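The values are calculated or read from the model by the stated rules, or taken from the named source; none is laboratory data. This is a predicted model, so every value here is computed, not measured. So basically every Cβ, Gly included, is an ideal-geometry build from the backbone, and we count neighbours across all protein chains shown. In case anyone asks, the SASA skips ligands and DNA or RNA and just uses the protein heavy atoms, side chains included. Shrake-Rupley method; radii C 1.70, N 1.55, O 1.52, S 1.80 Å.
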Amino acid sequence: METRLPTETRSASCQSGATTATSVSSVRFLGVHLTSDLTWSFHTNKVVRSARQHLFFLRRLRKFGLPPDILTNFHRCTIEHHREHPHGLHHCLVPALAPVRAVSELMRSRCLRKIQKTQLDCSHPAHGLFTLLPSGRRYRSIQARTNRLMNSFYPQAIRFLNKLNEVECLDGWCKVNDLVLNTSKTKEIVVDFRRTKKSDHLPLHISGAEVERVEKVKFLGVHITNHLTWSPNTSYLCMRAQQRLCFPRKLKQAQLPQKLLVSFYRSTIESILSHCMIVWYSSCTVSERKDLHRVVKVAGRIIGTDLPSLDSVHTSRLKKKASSISRDATHPGHCLFDLLPSGKRYRAIRTKTNRLRNSFFPRAVVSTTPPQHLTD
């Protein structure tokens, strides 16, 4: 039986006998529709269409009053193997059906099964890709220059294994020290700055429970987003600082000395505005800095004196932290403070983006001078 594909074809002669081969731009191989440019839209459309056709039988069986366990087994046998596409299927499932596995969970289980099979089979062609680093904790990553290779199975499998090993080490350490990770309070945030279409990241599991993935999280009082923008954090700090401006007004009306008003400002308002500012202040936009400086100016008018600007506070704290790291040889970032042959300054960190250039370590290395005993 001849199968005609909905693509343009061109004839090409083959020199083996009288057989004539036909070159096509897409072909079905082992149930998978492959295209010449390795795009999967044609395959996913076929998969979704085939799975939706099987939903008709699932609705019929539900009308007959079959128990949810049998309906779930029927779903796994006839529909689940079609669910390689995350859209278009979940809203078609029968509401009374027992909970079924999500596409991400299904992908995770099959990925682990394939990885284990490859690692145990020494004769597998890809067995040599899973090589451990000298530390023995992570696998060596595959160098991929294109997103097509980066999003393929084996590079993603190695990244998934490294991520899984880190979580297992953390979970094991907690169990040894009589601690338990609370999965309901644990959040996962994915930071991905690739310009091309992003692939779905596999979910994170701790002790069999899936960790909730969010776009924004509050960690140690700092609001972190998956795009590393600081507008939610600066808005929150401005709101908290403005709420405390009423106290200096009340104290000013009570004729408190100016020295005590300045001390009160630095302990209740400046401490809020400068919380972890070496992390986020240099990456703020101009409008966000204006909002922060406006709070300082209002507080200065209330007290009746000029207060230290946030730029000077940030510079002093940046230099203090950088000098502390450069003197501590056990700090993970100590190796970034590399002296030049002249011994007068540190070697600047090469950066290609403003996001990295405005982060802590590149600015700290540039703004810090080596100690006197190193330059002598």
Please compute the alpha carbon radius of gyration of region 198-251, then divide it by the globular-protein estimate 2.2 N^0.38 Å. Two decimals is fine. 1.76
Mind giving me the nanometre distance, one decimal, between the label points for Asp311 and Gln242, set 7 Å out from Cα along Cα→Cβ? 2.4
Plugging the Cβ-Cβ distance of Thr44 and Lys252 into 1/(1 + (r/R0)^6) at R0 = 56 Å yields, to the nearest 0.05, a FRET efficiency of 0.25
How many percent of the alpha carbon pairs in region 221-372 exceed a separation of 27 Å? 35
Pairs over 23 Å Cα to Cα, from Lys218/Lys297; Lys216/Lys352; Lys163/Lys185; Lys259/Lys319; Lys321/Lys344; Lys114/Lys175, come to Lys218/Lys297; Lys216/Lys352; Lys259/Lys319; Lys114/Lys175
Average accessible surface area per residue within region 125-223, 1.4 Å rolling probe, Å²: 71
